[in-house]
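**Q** What follows is a structure written as structure tokens; I'll ask about it next.
The values are calculated or read from the model by the stated rules, or taken from the named source; none is laboratory data. Quick caveat: nothing in here was measured; it's all calculated off a predicted structure. We place every Cβ from the backbone using ideal geometry, glycine too, and count neighbours over all the protein chains shown. For accessibility, only protein heavy atoms count, side chains too; no ligands or nucleic acids. Shrake-Rupley method; radii C 1.70, N 1.55, O 1.52, S 1.80 Å.
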Amino acid sequence: MIDREMGAAADEQRALVERIKELNCLYDISRLLSQRTLSLDSMLKEIVRIIPNAWQFPQDTCARISHRGREYRSKNYSPGNKSLTEKIEPRKQDSGFVEVGYLGDSDVSGARFLDDEKKLLKAIAELLGSIVEKKEAETSLK
């Protein structure tokens, strides 16, 4: 009974650590929105660097953002067998995608993504849509 309780407590602690990493990722991306002097290009470069840290295996996770023909990749980007992709759709118009994957040569390349990670990627794509919309509006006003 005690072993089962300790195992449940450890699972709860792991889940809490994962949620904190996800919240930190969303906070860091939202914080970039408030930095008016950053260009869209600079923001996307920073976001692609931030994303892998929110996944359950950050050292084995890579990210890529494609926006209007330009690509932004994490330093360790290497397409593997396992990835998640979400469209970036400012004003409901497809402008690219964000992809998160496990590195092709990693020990976790066969691991499953958590349901919360899938939700996180959707939230990131929505934030990216807001960022793109805001930055493109600022550019057109200049």
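**Q** Right, L32: touching a His at 6+ places or on another chain (Cβ under 9 Å) and not in a loop (DSSP other than H, G, I, E, B) or not?
**A** no
One line per residue, one yes/no per condition, for (1) open to solvent by less than 40 Å² (accessible area, probe 1.4 Å); (2) at pLDDT 90 or above:
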{"position": "Y27", "(1), (2)": "no, yes"}
{"position": "L32", "(1), (2)": "yes, no"}
{"position": "I50", "(1), (2)": "yes, yes"}
{"position": "R91", "(1), (2)": "no, no"}
{"position": "L114", "(1), (2)": "no, no"}
{"position": "E117", "(1), (2)": "yes, yes"}
{"position": "G129", "(1), (2)": "yes, yes"}
{"position": "S140", "(1), (2)": "no, no"}
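**Q** Restricting attention to region 14-25, and to residues there that are within 16 Å of the chain's Cα centre (by Cα) and among the aliphatic types (A, V, I, L, M), which single residue is most open to solvent (accessible area, probe 1.4 Å)?
**A** Kept after step one, since they are within 16 Å of the chain's Cα centre (by Cα), are these residues of region 14-25: 18-25.
Filter again for among the aliphatic types (A, V, I, L, M), leaving 20, 23.
Values: I20: 84, L23: 114 Å².
Restricting to residues being within 16 Å of the chain's Cα centre (by Cα) and among the aliphatic types (A, V, I, L, M), the top hit is L23.
**Q** Also, I was wondering about something else. In region 52-89, how many are closer than 23 Å to S130 by Cα, hydrophobic (A, V, I, L, M, F, W, C) and either open to solvent by 10 Å² or more (accessible area, probe 1.4 Å) or free of Cβ contacts under 8 Å to residues at least 40 places away in the same chain (or both)?
**A** Residues in region 52-89 being closer than 23 Å to S130 by Cα, hydrophobic (A, V, I, L, M, F, W, C) and either open to solvent by 10 Å² or more (accessible area, probe 1.4 Å) or free of Cβ contacts under 8 Å to residues at least 40 places away in the same chain (or both): 2 in total.
**Q** Scan region 83-104 residue by residue and report those that are within 13 Å of E117 (Cα to Cα) and not β-branched (V, I, T).
**A** Selection gives S83, L84, E86, E99, G101, Y102.
**Q** Okay, moving on. Say we look at region 26-61 and pick out the residues that are under 13 Å from the mean Cα position of the chain (by Cα) and among the acidic types (D, E); which of these is farthest from K119 (Cα to Cα)?
**A** Once the filter is applied, the top-ranked residue is E46.
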